[in-house]
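The values are calculated or read from the model by the stated rules, or taken from the named source; none is laboratory data. Quick caveat, the model's predicted, so the values are computed rather than measured. Note that each Cβ is placed from the backbone with ideal geometry, even for glycine, and that neighbours are counted across all protein chains shown. Calculation scope for accessible area: heavy atoms of the full protein, side chains included, ligands and nucleic acids excluded. Shrake-Rupley method; radii C 1.70, N 1.55, O 1.52, S 1.80 Å.
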Amino acid sequence: MERKDKFNGVLTASLVICAGLFVIIGALSYLTFGEAVEAVILLNLPNDSVWTLSVQFLYSLAIIMSVPLQLFPAIRIIESGIFTQSGKGNPIVKWQKNLFRTLMVGFIAMVAIFGADKLDNFIAIVGASSCLPLSFLYPVMLHYRSLADTWRAKAKDVVLIAIALFGLVYVTYISIETWGTSTPPLDRCAIKP
């Protein structure tokens, strides 16, 4: 980046624009389809329209083309733990890595095929096991280990860790309990008079 002093402004503007677009599209979708809104908004579009099929095709093409980009960092991290040698000078290691990559893509394809009907539950489990700890648990644990020097700061961190662990267990439990059903447990959240 040529002008590093502009980075914070560019980052903030792009995040605000992206978040605003997500909120606007979500609100418009909910206003349009109401309670019948699907997790993937493309499923709400009419099936007999050429425009709908074109949008679905282009969306599928974009997802297919972005898979290597998304998969590359994860595979590199896993490969560095499994393989100690590079495949450049050793054809056996090269083909082992190719087989590993093929098996990983096949596994992810099977998850996508068999988990397509349970997308909401799958996203909730991924969120509970990955996103929730990344945003709530790990920062507090790092603060506890590196910066909390008084008993009051440590007590706050322990409370936050307990809340994050409760959220992790609760969201995972709800996702597993409602697996395969299309109705979420609304009675858990409803306010009863």
I need a count of the residues in region 68-97 that are over 29 Å from A39 (Cβ atoms), open to solvent by less than 50 Å² (accessible area, probe 1.4 Å) and part of a helix (DSSP H, G or I).
3
Do the conditions hold for D48, that is, is it assigned to a loop (DSSP other than H, G, I, E, B) and open to solvent by 100 Å² or more (accessible area, probe 1.4 Å)?
yes
Could you check how many residues of region 25-45 are surrounded by 10 or more Cβ atoms within 10 Å (Cβ to Cβ) and in a helix (DSSP H, G or I)?
12
What's the number of the condition A116 fails, among (1) open to solvent by 80 Å² or more (accessible area, probe 1.4 Å); (2) modelled with pLDDT under 90; (3) in a helix (DSSP H, G or I)?
(1)
In region 56-81, how many residues are β-branched (V, I, T) and modelled with pLDDT of 90 or more?
3
One residue from L15, L53, L58 being open to solvent by 100 Å² or more (accessible area, probe 1.4 Å), closer than 26 Å to G115 by Cβ and assigned to a helix (DSSP H, G or I):
L58
Cβ contacts < 8 Å: first residue basic (K, R), restricted to region 85-111; second residue open to solvent by less than 70 Å² (accessible area, probe 1.4 Å) and in a loop (DSSP other than H, G, I, E, B), any location; separation 6+ or different chain. Result?
K94/G87; K97/F83; K97/G87
Pairing a residue in region 149-167 that is without any contact (Cβ under 8 Å) to a residue 40 or more places away in the chain and open to solvent by 80 Å² or more (accessible area, probe 1.4 Å) with any residue that is part of a helix (DSSP H, G or I) and of a type in the set (S, T, N, Q), where Cβ atoms lie under 9 Å and the two sit 6 or more apart in sequence or on different chains, gives none
If you check I63 against the conditions, is it of a type in the set (A, V, I, L, M, F, W, C), surrounded by 11 or more Cβ atoms within 10 Å (Cβ to Cβ) and touching a residue at least 12 places away in the same chain (Cβ under 8 Å)?
no
Applying the selection to region 98-113, what residues are open to solvent by less than 60 Å² (accessible area, probe 1.4 Å) and in contact with an Asp or Glu (Cβ under 9 Å, 6 or more places away or on another chain)?
F100
Residue selected from region 149-178 under the condition modelled with pLDDT under 90 and not hydroxyl-bearing (S, T, Y), by the criterion farthest from K118 (Cα to Cα)
V171
